[in-house]
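A short write-up of the structure that comes next.
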Amino acid sequence: MSAEADRVGVIGAGQMGSGIAQVVAQAGLEVWLHDTPEALKRSKASMEDSLGRLSARGRLQEAPGAVLERVHPAAELEDLAGVRTLLEAVTEDWGVKSGIFARLRELLSEDALVATNTSSIPITQLASSYGRPGRFLGLHFMNPVPVMPLVEVIRGLGTAEEAVAQALDLVGRLGKTAVQCNDYPGFVSNRILMPMLNEAIQCVMEGVAEPEAIDQIMRLGMNHPMGPLALADFIGLDTCLAILEVLHSGLGDPKYRPSPLLRKMVAAGWLGRKSGRGFYRY
Ligand code: CAA
């Protein structure tokens with residue numbers, strides 16, 4: 001890649017966008033990260049914490065400060081105009097995402113590679129809002145991004161082979177493993193993960209066992225690093241609900257119906273770790 005092609009834009013400095021910007025910078029690329037000033041401030045603190053942990057374990061080739069110097073705050077979307085690779089990681093909301101892609105069409109060059117980190121909104125639909133489907137695809141990172149090796153690479157109906165090849169190259173540069181799939185609701189990761197989390201929530205609702213017991217059974221019995229309820233809290237219960245809604249409406253099968261308890265907790269604002277309360281208190 002040329003120096004110009006090394007310019008990467010990331011939109012959204014939440015948990016996922018922040019982690020993505022960090023691994024891009026760790027790979028030696030310059031990254032422009034766009035969000036509100038408050039979100040950028042929180043993101044910097046989270047990157048410092050994560051880089052500090054990696055450094056303490058000898059997993060960083062350079063000082064954390066040197067990595068952070070490659071992350072440039074971008075107050076305006078227009079600041080991303082020169083980037084050749086754009087990774088979108090804003091909230092899981094079709095209206096927000098499609099509005100951003102419509103603006104990006106005016107800002108980015110025709111050959112820019114544009115990827116969304118959506119966990120479930122159809123790639124083909126988002127590609128239409130951008131308007132250059134050949135240059136658009138899904139790059140779905142896993143949380144926590146600096147630790148998890150997988151990136152799910154999702155082709156929209158119109159994604160060009162060249163775009164997929166470029167994306168695979170980028171994922172390799174980030175030190176991650178790319179696994180490809182096609183654009184169907186929930187892709188592979190969430191189509192399999194979310195029904196399991198939903199079933200664990202149904203177990204709580206029906207009084208089958210306490211949350212701690214359900215998680216312990218899955219950790220000790222199935223060797224999962226986190227129990228399903230701790231994981232749902234970690235992902236965010238609102239995000240889990242949004243993904244289950246997409247699976248339910250997109251596939252039309254009642255087996256994806258979100259648990260009424262999940263709906264109730266989200267309505268109460270119990271969103272998991274980020275709100276301080278979910279199946280556990282934080
Ligand atoms: N940055 C840097 N290092 C981090 C980190 C971060 N953000 N988070 C954890 N670590 C490091 C720790 O420092 C620790 O390092 P060592 O092994 O060298 O000591 C290591 O990761 C393990 O951390 P902990 O000891 O704190 O805790 P743990 O052993 O439980 O691991 C975990 C934490 C990696 C998150 C592990 O619990 C895990 O893998 N959980 C499952 C995560 C998962 O399933 N993610 C996918 C969610 S689905 C998704 O993201 C997609 C979607 O669309 C919803």
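The values are calculated or read from the model by the stated rules, or taken from the named source; none is laboratory data. What you see is a predicted model, and the numbers here were worked out from it, not measured in a lab. As a convention, Cβ positions derive from the backbone with ideal geometry for all residues, glycine included, and neighbour counts pool all protein chains shown. Note: accessible area is taken over every heavy atom of the protein model, side chains too, but ligands, DNA and RNA are not part of it. Shrake-Rupley method; radii C 1.70, N 1.55, O 1.52, S 1.80 Å.
Overview of results
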read-out: Euclidean distance of C-alpha centroids, segment 173-196 and segment 123-156, integer Å; value: 10 Å
read-out: Rule-of-thumb Rg ratio for the chain [Cα; 2.2 N^0.38 Å; N residues]; value: 1.00
read-out: Simple label model, 7 Å out from Cα along Cβ direction - S109 to R281, nm; value: 5.6 nm
read-out: Accessible surface of segment 1-115, 1.4 Å probe, proportion on carbon and sulfur as whole %; value: 48 percent
read-out: Full-extension gain in nm, D79 to M148, via 0.36 nm per residue minus C-alpha separation; value: 21.9 nm
read-out: Heavy atoms of T159: accessible area, 1.4 Å probe, square angstrom to 10; value: 20 Å²
read-out: Listed residues P133, P144, P260, most fluctuating in the chain (Gaussian network, C-alpha, under 10 Å); value: P260
read-out: Accessible carbon and sulfur surface of segment 191-274 relative to its total accessible area, %, 1.4 Å; value: 58 percent
read-out: Helical mean residue ellipticity (222 nm; -39500 (n - 2.57) per DSSP H run of 4+; nearest 500) of the chain; value: -14500 deg cm²/dmol
read-out: Per residue value of the accessible surface for the chain (all protein chains in place, 1.4 Å probe), Å²; value: 47 Å²
read-out: Partner lysines for K264 [C-alpha distance under 23 Å; skip if fewer than 8 residues away on the same chain]; value: K255, K274
read-out: Whole-Hz couplings from phi, Karplus 6.51/-1.76/1.60, listed for segment 114-123; x for Gly and Pro; value: 10, 10, 10, 9, 3, 8, 6, 5, x, 5
read-out: Spin-label pair A102/R53, simplified geometry with 7 Å Cα→Cβ offset, distance in nm; value: 3.9 nm
read-out: Cα centroid of segment 224-282 to Cα centroid of segment 34-71, whole Å; value: 28 Å
